[in-house]
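Before any comments, here is the structure.
The values are calculated or read from the model by the stated rules, or taken from the named source; none is laboratory data. The structure presented is a predicted model; accordingly, all values stated were derived computationally and were not measured. When we count neighbours, we look across all protein chains shown, and the Cβ atoms used for this are built from the backbone with ideal geometry, even at glycine. Side chains are part of the model used for accessible areas, which takes the heavy atoms of the whole protein and leaves out ligands, DNA and RNA. Shrake-Rupley method; radii C 1.70, N 1.55, O 1.52, S 1.80 Å.
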Amino acid sequence: MLSLQDLASNALINAFIKKGNEHLGVMGYTDHGPLHIAIVSRVSREILLRLGYDERRAELAGMAAYLHDLGNVVNRNGHSQSGALMAFRILHDLNMDPEEIAVITAAIGNHDEGSGHPVSEVAAALILADKSHVHRNRVRNPDIANFDIHDRVNYAVNHSIINIDEQARIISMELSIDTKVCPVMEYFEIFLSRMLLCRRAAGFLGCEFELLINEVRLL
């Protein structure tokens, strides 16, 4: 049975992740490389485990997360759909079970806020894990004076975490923001659509979604 470790050691997958991240760097995007992939994969898996899903379903969430940004090697626009098609071919060639391929490709194709929907628990976990990874260590622009709004928002975040309250069925995204770098309203200006998608993803998992910034609940 194909595992997350199999994907993590696959030379083709890792080359696509590396090159896609390099391409985004040329365009001025935040980091989408191995660190981002590893964090999103771990958190996706943990979300489902904490909510009582079985080990294999959680493994599929981690696998979908590991592959979710493959499409950046082609183009940032439509990267979720192109990435899903690339993942399909790779997983098929690795002889993965067709039902599991379908779950993973659907999750990848639906992780972006532009057109995504939590179509399964695997997709919902990926959405929550991906959108919660906001942190200053993702900023690659070395010139603070020339930060765009995305750089400022990410650089302002000193701490971010997803908390799961299994008993109350509440998923909380907690951020600590340096408001001298970026006011809270700027966060909402560019990330509101992401937070609304997170709320839908939490709802799919039978949970409420909360957003706390500097210990103040905003959603």
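Observations
- In a fully extended conformation the segment linking Met1 and Leu212 would gain 72.0 nm over its present Cα-Cα distance, using 0.36 nm per residue.
- The chain - accessible surface per residue (Å², probe 1.4 Å): 46
- Centroid-to-centroid, using Cα positions, segment 153-193 and segment 1-67 are 21 Å apart.
- Accessible-area value, Phe188, 1.4 Å probe, nucleic acids and ligands omitted, Å²: 40
- Within the accessible area of segment 110-219 (1.4 Å probe), percent carbon and sulfur: 50
- Cα-based shape type of segment 125-197, given that a ≥ b ≥ c are square roots of the gyration tensor eigenvalues and the cut on a/c is 1.5: prolate
- Protein-only accessible surface order, largest first, of Arg217, Arg50 at 1.4 Å: Arg217, Arg50
- Compactness index (Cα Rg / 2.2 N^0.38 Å), segment 70-194: 1.23
- Summary of packing: across the peptides 101-111, 135-145, the per-residue average of other C-beta atoms within 10 Å ranks them, highest first, as 101-111, 135-145.
- Values [x] 16.7, 51; [y] 19.7, 65; [z] 17.5, 58 are given for comparison; Rg and Dmax of the Cα atoms in Å, derived from the coordinates here, is the one labelled [x].
- For segment 138-165, the residues whose backbone nitrogen is under 17 Å from a point 7 Å from the Cα of Ser176, taken along Cα to Cβ, are 138, 154-163.
- Calculated FRET efficiency for the pair Arg56/Arg169, C-beta based, R₀ 30 Å, to 0.05: 0.85
- Shape class of segment 161-208 from the alpha-carbon gyration tensor: oblate, with a/c at 1.5 or above and b/c at least as large as a/b.
- Cα-based reach from Lys18 at 19 Å (exclusive), listing aspartates and glutamates while leaving out same-chain residues under 8 positions away: Asp6, Asp31, Asp69, Asp130
- Theoretical FRET efficiency, 1/(1+(r/R0)^6), r = Cβ-Cβ of Arg89 and Leu192, R0 30 Å, to 0.05: 0.30
- Theoretical ellipticity at 222 nm over the chain - DSSP helices of four or more residues, -39500 (n - 2.57) apiece, nearest 500: -17500 deg cm²/dmol
- Note on Lys18: accessible area is roughly 110 Å² with a 1.4 Å probe, heavy atoms of protein only.
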